[in-house]
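Just below is one structure, and these are the notes that go with it.
The values are calculated or read from the model by the stated rules, or taken from the named source; none is laboratory data. These numbers come from a predicted model, not from an experiment. Cβ coordinates were reconstructed from backbone atoms using ideal geometry, including for glycine residues, and neighbour counts include every protein chain displayed. Surface areas here come from the heavy atoms of the whole protein model, side chains and all, with no ligands, DNA or RNA. Shrake-Rupley method; radii C 1.70, N 1.55, O 1.52, S 1.80 Å.
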Amino acid sequence: MTAATGNITDNAAVSGEAEVLFERRGGLGVITLNRPRAVNALTEGMVDLLLRQLTAWATDDDVAAVLVQGAGERGLCAGGDIVAIYRDMLHGGNRTAGFWQTEYRVNSLIARYPKPYVALMDGLVLGGGVGISAHGSVRVVTERTRMGMPETTIGFAPDVGGTFLLSRAPGQTGTHAALTGAHLDAGDALFLGLADHYVPSRRLPALVAALGNESPEAAVARYAEQPPASALSRQRDWIDACYASGDAGDIVDRLRAWTGPGRADAAEAADTIEAKSPTSVKVTLASLRRAANLTLDEALAQEYRAGMRFLSGPDFREGIRAQVVDKDRNPQWKPATLAEVQPGQVDSFFTPLDGGELDLHPAADLGGQGADHA
């Protein structure tokens, strides 16, 4: 994996091929994820650079605020580089563990950043892309935003603090988003609490220019517009009723039995969930329920434990193979059905790791509480 070298604050001028570009525009520190062909998917080198630069800017008096954006037209970030993770799993998964350690430190740091952290959540914002944006203090979506945590599709579970965020969404809407992996538009992202402001994409260049000269609050207030309505907010009746259970099989049964308004949507959600990895669905549900009573850092530690168990299990590798490597879209899950996944199997994903727990301390030296979107 390539990464910028040398003076990371000036690497935008050093190499146009750098995976992350850093520059200063007045008092604004600008981060540009620079893998447009991969929709800026995060690599090990990228998260290391992000951690180092954000740490440096946090105590730099010349930097008043930070902005993160994605290169190209397709999106901010499509998540972690799962092809790299797949290749690493074939060789034991050790590099992926290190990648997650650093990535989660970045997520934790962003959530308590001592300066305004502005995220332009334009286009695709998936998985790890949510982690580097939705924990920020000024989160901007556009008409092109397509956000989501689609991990159950690839035999994994939401991470990067996604369980913390979705467990705090209104009613059971976060559970619905997590289990189905649905893509969310701007209205839904705002409703779920994953974003703060709606700015049409055509106004983003002017917003970025303004951020170099004035506070994020003033700049966003000038360019923000009335957001579109949320479809999820109109579907609360069946979502809250059907997803209230703590058992994934019962949730599917409730969705299929729903006869009120939204019946077709409920049935479609049941079909979607049953196509996902049964193990992933059950672990995701348990993660959400547990995360509701955890701090962000505790939720990250829990997600790390689960992630390490997914690395050694069959479904994560099979899901990436089916979706991204062979692209046959026909994963063979083991176990194959929700009924076959036993409670003890789910519980095992949350037991402490022997000598390998997540260590967030390297990112915990800055003090300050940052933004709180609980």
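General observations
- Qualifying position, being open to solvent by less than 40 Å² (accessible area, probe 1.4 Å), modelled with pLDDT of 95 or more and at positive phi, among Gly80, Gly93, Gly70, Gly75: Gly75
- Looking only at segment 34-59, and only at residues there that are touching a Leu at 6+ places or on another chain (Cβ under 6 Å) and assigned to a helix (DSSP H, G or I), the one that is nearest to His135 (Cα to Cα): Leu54
- Gly98 being in a helix (DSSP H, G or I), of a type in the set (Gly, Ala, Ser) and open to solvent by 20 Å² or more (accessible area, probe 1.4 Å): yes
- One residue stands out among those in segment 354-365 that are open to solvent by less than 50 Å² (accessible area, probe 1.4 Å) and part of a loop (DSSP other than H, G, I, E, B): the one that is modelled with the highest pLDDT, which is Leu358.
- Just one of the listed residues (Ser287, Ser245) is part of a helix (DSSP H, G or I), open to solvent by less than 60 Å² (accessible area, probe 1.4 Å) and among the polar types (S, T, N, Q), and it is Ser287.
- Restricting attention to segment 101-116, the residues that are crowded, with 23+ Cβ neighbours inside 10 Å and among the β-branched types (Val, Ile, Thr) add up to 2.
- Residues of segment 60-89 that are among the β-branched types (Val, Ile, Thr) and assigned to a loop (DSSP other than H, G, I, E, B): Val63 alone.
- Test set (1) in contact with a Phe, Trp or Tyr (Cβ under 7 Å, 6 or more places away or on another chain); (2) within 30 Å of Gly344 (Cα to Cα); (3) of a type in the set (A, V, I, L, M, F, W, C); (4) in contact (Cβ under 8 Å) with a residue 40 or more places away in the chain - Leu179 fails condition number: (1)
- Annotation note: Cβ proximity below 6 Å between a residue of segment 244-267 that is touching a residue at least 40 places away in the same chain (Cβ under 8 Å) and a residue that is hydroxyl-bearing (Ser, Thr, Tyr) (sequence gap 6+ or interchain) occurs for Ile251/Tyr243; Ile251/Ser245.
- Filter result (in a helix (DSSP H, G or I) and more than 21 Å from the chain's Cα centre (by Cα)) within segment 307-317: Ser312, Pro314
- Residues of segment 216-242 classified as aliphatic (A, V, I, L, M), assigned to a loop (DSSP other than H, G, I, E, B) and open to solvent by 50 Å² or more (accessible area, probe 1.4 Å), total: 1
- Counted residues, segment 137-147 - those being surrounded by 24 or more Cβ atoms within 10 Å (Cβ to Cβ) and more than 14 Å from the chain's Cα centre (by Cα): 2
- Checking segment 117-136 against the condition returns no match, with no residue being surrounded by fewer than 22 Cβ atoms within 10 Å (Cβ to Cβ) and more than 24 Å from Gln332 (Cβ to Cβ).
- The listed residue being closer than 24 Å to Glu143 by Cβ, modelled with pLDDT of 95 or more and not acidic (Asp, Glu), out of Arg35, Arg105: Arg35
- Restricting attention to segment 304-353 and to residues that are within 13 Å of Val283 (Cα to Cα) and among the acidic types (Asp, Glu), the residue that is least open to solvent (accessible area, probe 1.4 Å) turns out to be Asp315.
- Any hit, segment 39-57, residues being free of Cβ contacts under 8 Å to residues at least 40 places away in the same chain, charged (D, E, K, R), farther than 21 Å from Ser215 by Cα and touching a Lys or Arg at 6+ places or on another chain (Cβ under 9 Å): no
- In segment 30-40, of all residues being touching an Asp or Glu at 6+ places or on another chain (Cβ under 8 Å) and open to solvent by less than 10 Å² (accessible area, probe 1.4 Å), the one that is farthest from Trp100 (Cα to Cα) corresponds to Val30.
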